[in-house]
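Heads up, the thing below is written out as structure tokens.
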Amino acid sequence: VQTCALPIYFCRVMDSTRQNKYARLIQKEISEVFLKSGKDYYGNAFVTITTVKVSPDLALVKVYLSLFKVADPDNLIKQINSHVKEIRRHLGERIKNQIRHIPELVFYLDDSAEYAENIEKIFKDLNK
């Protein structure tokens with residue numbers, strides 16, 4: 001297993017074609033679940049699924065969410081993770097004919113937008 005000290009969006013370990021297909025399918029279907037019943041999970045926040053990572057054994061899926069209009073993003077991620085069984089059930093109903101075993105879901109906060117803003121701010125401060 002290859003590890004990287006940088007944030008996840010800089011450390012792109014090559015995934016298999018099968019993992020990429022699973023990731024695309026799961027990202028599409030979770031976004032549909034969020035469109036239909038997302039208000040129950042996260043209220044009026046603006047949630048975007050930025051990245052989906054699938055483990056090599058296809059048993060675990062890490063879903064990275066970008067959150068806007070949220071006062072406490074970490075609390076909202078905890079709230080979404082508390083509904084993971086319902087989300088997984090809805091996902092299973094949607095993809096039961098395409099995937100044999102519905103993977104475990106874990107939601108994470110994707111802070112790449114904030115990271116990019118901080119880098120831009122540092123560059124602007126250097127130019128002054």
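The values are calculated or read from the model by the stated rules, or taken from the named source; none is laboratory data. Keep in mind it's a predicted model, so treat the numbers as computed, not measured. Glycine gets a Cβ as well: all are built from the backbone with ideal geometry, and neighbour counts include every protein chain shown. For the accessible areas, the whole protein counts, side chains as well, though only heavy atoms, and no ligand, DNA or RNA atoms are used. Shrake-Rupley method; radii C 1.70, N 1.55, O 1.52, S 1.80 Å.
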Can you tell me how many residues in the stretch 35-56 are under 28 Å from ARG18 (Cβ atoms) and not in a helix (DSSP H, G or I)?
10
Considering only residues of the stretch 19-34 that are among the charged types (D, E, K, R) and within 12 Å of the chain's Cα centre (by Cα), which is least open to solvent (accessible area, probe 1.4 Å)?
LYS28
Inside the stretch 89-118, can you point out the residues that are of a type in the set (Ser, Thr, Tyr) and modelled with pLDDT of 90 or more?
TYR108
Can you tell me which residues in the stretch 94-123 are farther than 17 Å from PHE68 by Cβ, part of a helix (DSSP H, G or I) and open to solvent by 100 Å² or more (accessible area, probe 1.4 Å)?
GLU120, LYS121, PHE123
Can you say whether TYR9 is hydroxyl-bearing (Ser, Thr, Tyr), open to solvent by 60 Å² or more (accessible area, probe 1.4 Å) and modelled with pLDDT under 90, as far as the supplied structure shows?
yes
Residue satisfying all of: in the stretch 39-88; on the phi > 0 side of the Ramachandran plot and of a type outside the set (A, V, I, L, M, F, W, C); least open to solvent (accessible area, probe 1.4 Å) among these
GLY43
Out of LEU76, LEU35, sole residue that is of a type in the set (A, V, I, L, M) and over 13 Å from ASP110 (Cα atoms)
LEU35
Taking interchain pairs and intrachain pairs at least six residues apart, which have beta carbon atoms under 8 angstrom, with the first residue in the stretch 74-92 and touching a residue at least 60 places away in the same chain (Cβ under 8 Å) and the second open to solvent by less than 70 Å² (accessible area, probe 1.4 Å) and β-branched (Val, Ile, Thr)?
LEU91/ILE26; LEU91/ILE30; LEU91/VAL33; LEU91/ILE102
Residue by residue through the stretch 59-73, note down the ones that are touching a residue at least 40 places away in the same chain (Cβ under 8 Å) and not small (Gly, Ala, Ser).
LEU60, VAL61, LYS62, VAL63, TYR64, LEU65, LEU67
